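The values are calculated or read from the model by the stated rules, or taken from the named source; none is laboratory data. Source: prediction; values computed, not measured. Positions of Cβ are generated from backbone atoms using ideal geometry, with glycine treated the same way; all protein chains shown enter the neighbour counts. Keep in mind that these areas ignore ligands, DNA and RNA; they rest on the heavy atoms of the full protein, side chains included. Shrake-Rupley method; radii C 1.70, N 1.55, O 1.52, S 1.80 Å.
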Amino acid sequence: MPPEATEEERVMNLTLEAFADTIVPGEKRFPGDRAIAGAAPGPGSVAAGALELLNFDATGVTAGLPYLAQSVNDHAKSYAGEAGLELDDDVPPFVALPYEHRRELVRRLTAPGHPEKDGWVSLALFCNMAYDSAAHRHTAEAIRDGHPGLLALGYTEPDADGFWRFPRYGYGRKLAEIHPDTTESGSPA
């Protein structure tokens, strides 16, 4: 987090990191990490760039992030009261929830019939996309930089010219010829 971040930005970023970590969990970045619960080995959504993707204007969710962070923190306070949990004051309420309670709260927020479901599902999808497609990065650069999700999924570097070629057909046979009007870059003319 940039040192010039305001307290409001710090709270929002910690909250969004905790939400992303609930969607694709990973290991803690350092021993006192509160946003990352450490619920899974290896890097998760946050290490894969979830905050960068969420803050990428093309997602359409960037303007709503402060509202979503505040809202999930409000839901966390209500949930904690319902579950009889006492939350630490040194981190935002959602961050203070133990992982299994974060997961349950997200399950409730994304469940059919929840009035805010669409917003939470969108946020969850982008957190997942950061890990499994690096939608905010050029694929070849992300792989070259060691993007954890793409590498976990088995992506390999492109050939020297920047294109991926596959020496064996995925279905065991060639499915179609390249259209004669296809450009050199692989785009339809």
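Okay, here's what the table says:
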quantity	calculated
Cβ-derived FRET efficiency at R0 35 Å, D74 paired with A140, nearest 0.05	0.25
Hydrodynamic radius (Kirkwood) for the range 14-54, which is based on Cα pairs only, to one decimal in Å	9.6
Hydrodynamic radius (Kirkwood) for the chain, which is based on Cα pairs only, to one decimal in Å	18.5
Accessible area per residue in Å² at 1.4 Å probe, computed on the chain	60
Principal axis box of the range 1-78, alpha-carbon based, largest edge first, Å	32, 31, 26
Ratio Rg/Rh [Cα only; Rh per Kirkwood] for the range 28-124	0.96
Computed E for D132/D89 - FRET, C-beta separation, R0 25 angstrom, nearest 0.05	0.10
24 Å Cα-Cα reach of K28 towards lysines, excluding residues that sit fewer than 8 places from it in its own chain	K77
Nearest-0.05 FRET efficiency for E7 and E104, computed from C-beta distance (R0 41 Å)	0.90
Three-way shape label, the range 116-175, alpha-carbon gyration tensor, a/c 1.5	oblate
K28 paired with E82, simple spin-label distance in nm, labels 7 Å along Cα-to-beta-carbon	2.9
At most 14 other Cβ within 10 Å, DSSP loop - trypsin sites (Lys or Arg not before Pro), the range 122-189	R165, R168, R173, K174
Computed magnitude of the charge dipole of the chain (debye, nearest 20; Cβ of K, R +1, Cβ of D, E -1)	800
Charge dipole (the chain, unit charges on Cβ, about Cα centre) - positive-most of Y79, L54, I143	I143
Where GluC sites (Glu not before Pro) in DSSP loops with at most 13 other Cβ within 10 Å are excluded, longest remaining stretch of the chain	5-85
CD proxy at 222 nm, helix term only [per DSSP H run n ≥ 4: -39500 (n - 2.57); per residue of the chain; nearest 500]	-13000 deg cm²/dmol
Carbon plus sulfur fraction of accessible area for the range 88-189, probe 1.4 Å, in percent	52
Spatial separation of Cα centroids for the range 57-90 and the range 109-128, in angstrom	13
Normalised contact order of the range 1-62, rounded percent, pairs of Cα under 8 Å and 6 or more residues apart	27
